[in-house]
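Only one structure is covered here, and it is reproduced in the block below.
The values are calculated or read from the model by the stated rules, or taken from the named source; none is laboratory data. On a predicted model such as this, the values are computed, not experimentally measured, just so you know. Cβ sites come from the backbone with ideal geometry, for glycine too, and all protein chains shown count toward neighbours.
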Amino acid sequence: MLAKEIRERYLRFFEKKGHKIVASDLLVPENDPTLLFTGAGMNQFKEQFMGKNVTFKRATSSQKCLRTGDLENVGRTPRHHTFFEMLGNFSFGDYFKREAINWAWEFMTVEMKFPKERLWISVYKDDEEAYSIWKDEIKVDPKRIVKLGPDSNFWPADAPSKGPNGPCGPCSEIFFDWGPGTGCGKPDCSPACDCSRFIEVWNLVFTEFERKPDGQLVPLPAKNIDTGMGLERIVSVVQNVPTNFDTDLFTPLTDAIKKVLDAKGVSVPKSHINLIADHIRAVTFCITDGVSPSNEKRGYVVRKLIRRAYMKSKQKEAFLFNLVPVVVGLLKDIYPELEGKREHVAAIVKDEEDKFNETLRAAMPVMEEMLSGGKKKLNGDQVFKLVDTYGMPLDVISDEAETRGVTIDVDTYEKLMEKRKDESRKGSNITSDFIFKPDAFAKAPKPELSGDMPLLCDVVFMLKNGAPADAISEGENGEIITSPQSSVIYTEGGGQVGDAGHIEADGVSAVFVNVCNAGGKRVFQTHVKKGTLRIGAKVKISIDEKRKERTACNHTATHLLQSALRQVLGDQVKQSGSYVDDRRLRFDFTQLKKLTDRELLAVEELANGWIEKNMPVKKETKSLEEAKTEGALSFFGEKYGEIVRMVTIPGASKELCGGTHVDNTGVIKFVKIISESSVASGIRRIEAVTGENVIAWLKETSVGFDKELKQMSSVAGGTASLFKSVPGLDKAAATVDKVLKNEAHVDKALLKEFDETVRP
Ligand code: SER
């Protein structure tokens, strides 16, 4: 039976039992920034498990998942993956243990026709209810039921003692027995043994608790079911093959890899082929879902996967990108989003491979030299040199060292790296900056809010150099919390800086340069200009309104630019980050190619057209559902509550946003894009200025331009007189003179003439 049929049978089986087939969520959880990647089918239903937004009570899905915990084992073992598919059925306060167990058994033994005696069961040691359902109702021989502790039979594993907080519960697992001839061969071997005889194929979680921050498990509003069956595993059992990589989910891909490597005369172990197959699937899905290689959290995982796969392939030029169409071909029927992104993904992978190749080209000979004569150790200085001078990533050095049986001194390397960071910190004069650490405010009170402005309040908490303090003296920086705190002062968030302004007290004058949020406590980052600011001081706080307005202009302009970019380049443009302050704006978005001058101009013209039309900027609060139905753009990776703020510029833009905006686009006056660059593969960045900042920018640039022109003409003048002094070059001198006096344009004929005279 092919994988496709198994997946289909699973979903149809549960559909017949009243489950709604729900599409896989993105690999990057849209509304859950706490997760790096979607790691289980239940992730998209977290709210429903907590009793919220339950519009249907039974669901089934085939979820794309990515887990990085087993990275080191991928390829070496039969069943570890980064990317995998998880089949699951879910109940939100509807059926519970009895039905979940009965249906799982029915699917395994009736639908899939597994022999009953090959199936073993594990239950949580204290879960008598599940135990007796298996033993008394399903009639599984108690010899084939094992009771295990919270490390195996609680989900998430060990949640009662270690967390994470959130929905959890005991679980029961179904194992397939490969037979006594496999594994350790001990007579008492059972699923409790970690030899390879028993393979866990299905996890049934009875999600009935919420773990609270104090570690208590409290019952959820209703009891739920969350089950997960790794597709790759079940397929390997059904197809009776030794590893997941030998199933039809992988063989066309591993064959393609072998073919490419064979053609280049490269031979690598099967474990490397498996690793490449795993990683290219993961990379294809990640980039399709908007995560491109970069040095930031998720992007770094993708970068690392590409590099590992590339290293294991022993190639000297990009080749992984050729495998993207194979992955797409294999899975596009189930995940149709793959097809439209195929070329985009392949181009990004190739770009990343090319860049990595360049690094290797410079670094590998150095590493070879370090290991010449059969040396088996790289000392800390050598590792540091490879990383710092040659840009070779530490994980690549470690992997490569391991493959060659070489040890590396990571401790010394880390010390050297720390020293380097210290030096650059000192060099960058960062001492005057604030490094905001929300945890440092855990013990501070959380004051009531006041909408008054200016705000009359007391200083109730203070940090200096990151530690609680009683006073901040003249010339010093510190962070303060006041009571009441202000509800109208903007705290940093959504890519926008917090407000700035003045703090006045008796004999004290201070400024705050930003306001941050520490779990609902508003923190002023303060510099005392005169006097000493003390705990308990009564202060008057006012906002720098001009700065606030300039920031608002930049923020509204960011929305206009996003819309304009989408109109000019297409809907694939999605925000991947932004930063807005009172001087400029920065907007990062998904886009493969560099923007041409013509495209940039078109974007700018569209945005300025909307500014010129004096369009109103509406801010409304509504339900997330309603806003999404109205087509509001949201920033994936951002967590939205059920009630959201929607900012609309009719006919031009509609976005979910909590930031500060002008009331009318006319206030912005003008927007000018001042740079376009790449931040990561497939992510471009534009920077722009608005209003008065455009004039400042023009002045600065024209001064620079004038200077350049002057330099050019003096160089050219110098060249002309030099030419005049050299016999035979008088014709060239005359040509330069003509151009300088504006009597001639540098056209092709003139260039030819110039070329001929200078290079006779
Ligand atoms: N959430 C459980 C798991 O990941 C079952 O789906 O194993």
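Is it the case that some residue within the range 610-617 is surrounded by 15 or more Cβ atoms within 10 Å (Cβ to Cβ) and within 28 Å of the chain's Cα centre (by Cα)? I'd like the intermediate steps shown before the answer.
Residues of the range 610-617 that are surrounded by 15 or more Cβ atoms within 10 Å (Cβ to Cβ), as a first pass: 610-611, 615, 617.
Restricting the remaining residues to those that are within 28 Å of the chain's Cα centre (by Cα) gives none.
No, the conditions are met nowhere in the range 610-617.
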Cross-chain or 6+ apart pairs with Cβ under 7 Å, the range 596-621 first and over 26 Å from Met646 (Cβ atoms), then small (Gly, Ala, Ser) and not in a strand (DSSP E or B): none
Criterion (under 24 Å from Ser681 (Cα atoms), modelled with pLDDT under 90 and exposed (fewer than 14 other Cβ atoms within 10 Å of the Cβ)) met by exactly one of Glu423, Glu418, Glu402, Glu358: Glu358
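Does Lys259 qualify as being of a type in the set (D, E, K, R) and in a helix (DSSP H, G or I)? Before the answer, list the steps.
Details: of a type in the set (D, E, K, R): yes; in a helix (DSSP H, G or I): yes.
So Lys259 passes the test.
Hey, does the range 98-107 have a residue that's within 21 Å of Phe209 (Cα to Cα), assigned to a helix (DSSP H, G or I), within 15 Å of the ligand (Cβ to nearest atom) and of a type in the set (Lys, Arg)? Reasoning before the result, please.
Looking only at the range 98-107, we keep the residues that are within 21 Å of Phe209 (Cα to Cα), and these are 98-101.
Subsequent filtering for residues that are assigned to a helix (DSSP H, G or I) retains 98-101.
Subset that is within 15 Å of the ligand (Cβ to nearest atom): 100-101.
Checking which are of a type in the set (Lys, Arg) leaves us with none.
Scanning the range 98-107, I find no residue that is within 21 Å of Phe209 (Cα to Cα), assigned to a helix (DSSP H, G or I), within 15 Å of the ligand (Cβ to nearest atom) and of a type in the set (Lys, Arg), so the answer is no.
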Selection count, the range 54-70, where residues are within 15 Å of the ligand (Cβ to nearest atom) and either among the small types (Gly, Ala, Ser) or in a loop (DSSP other than H, G, I, E, B) (or both): 7
Complete set of residues in the range 141-179 that are assigned to a loop (DSSP other than H, G, I, E, B) and at pLDDT 90 or above: Asp141, Gly149, Pro156, Ala157, Asp158, Trp178, Gly179
In the range 568-579, the residues that are under 25 Å from the mean Cα position of the chain (by Cα) and in contact (Cβ under 8 Å) with a residue 24 or more places away in the chain: Leu569, Gln572, Lys574, Gln575, Ser576, Gly577, Ser578, Tyr579
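Examine the range 226-237 for a residue that is among the acidic types (Asp, Glu) and not in a strand (DSSP E or B), and state whether such a residue exists.
Let us first name the residues in the range 226-237 that are among the acidic types (Asp, Glu), namely 226, 232.
Still in the list and also not in a strand (DSSP E or B): 232.
Yes, that holds for at least one residue.
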Index of the failed condition, Thr526 passing every other in (1) buried (at least 19 other Cβ atoms within 10 Å of the Cβ); (2) assigned to a helix (DSSP H, G or I): (2)
Some residue of the range 584-595 being part of a loop (DSSP other than H, G, I, E, B) and closer than 18 Å to Asn554 by Cβ: yes
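Select from the range 647-663 the residues that are small (Gly, Ala, Ser) and closer than 20 Å to Asp581 by Cβ and write down the one among them that is surrounded by the most Cβ atoms within 10 Å (Cβ to Cβ).
Quick first cut of the range 647-663, residues small (Gly, Ala, Ser) only: 651-653, 658-659.
Those left that are additionally closer than 20 Å to Asp581 by Cβ: 658-659.
Details: Gly658: 17, Gly659: 22.
Ranking the qualifying residues of the range 647-663, first place goes to Gly659.
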For Phe198: the one exception among (1) within 14 Å of the ligand (Cβ to nearest atom); (2) buried (at least 21 other Cβ atoms within 10 Å of the Cβ): (1)
The lone exception for Val74 - which of (1) aliphatic (A, V, I, L, M); (2) farther than 30 Å from Leu624 by Cβ; (3) under 21 Å from the mean Cα position of the chain (by Cα) it fails: (3)
Total residues in the range 36-53, condition at pLDDT 90 or above, of a type outside the set (Gly, Ala, Ser) and assigned to a loop (DSSP other than H, G, I, E, B): 2
Residues located in the range 446-492, provided they are under 28 Å from Tyr579 (Cβ atoms), of a type outside the set (A, V, I, L, M, F, W, C) and part of a strand (DSSP E or B): Lys464, Asn477, Gly478, Glu479, Thr482, Gln485, Ser486
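When you scan the range 100-128, how many residues do you find that are under 20 Å from Pro219 (Cα atoms) and surrounded by 15 or more Cβ atoms within 10 Å (Cβ to Cβ)? Give the steps one after another, and end with the answer.
Within the range 100-128, the subset under 20 Å from Pro219 (Cα atoms) is 100, 123-128.
Cutting the leftovers down to surrounded by 15 or more Cβ atoms within 10 Å (Cβ to Cβ) gives us 100, 123-125, 127.
So the count comes out to 5.
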Top-ranked residue in the range 218-241 [being more than 30 Å from the chain's Cα centre (by Cα), closer than 29 Å to Val74 by Cα and of a type outside the set (Val, Ile, Thr); ranked as nearest to the ligand (Cβ to nearest atom)]: Ser236
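For residues that are away from the ligand (no atom under 16 Å from the Cβ) and touching a residue at least 24 places away in the same chain (Cβ under 8 Å), scanning just the range 202-217, find the one that is surrounded by the fewest Cβ atoms within 10 Å (Cβ to Cβ).
Going residue by residue through the range 202-217, those that are away from the ligand (no atom under 16 Å from the Cβ) are 212-217.
Those still in the list that are touching a residue at least 24 places away in the same chain (Cβ under 8 Å) too: 212-213, 215, 217.
Working: Lys212: 12, Pro213: 7, Gly215: 12, Leu217: 15.
So the residue we want is Pro213.
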Out of Tyr95, Tyr131, sole residue that is buried (at least 16 other Cβ atoms within 10 Å of the Cβ), aromatic (Phe, Trp, Tyr) and away from the ligand (no atom under 16 Å from the Cβ): Tyr131
Residue match in the range 14-35 (condition: part of a helix (DSSP H, G or I), within 16 Å of the ligand (Cβ to nearest atom) and more than 18 Å from Pro156 (Cβ to Cβ)): yes
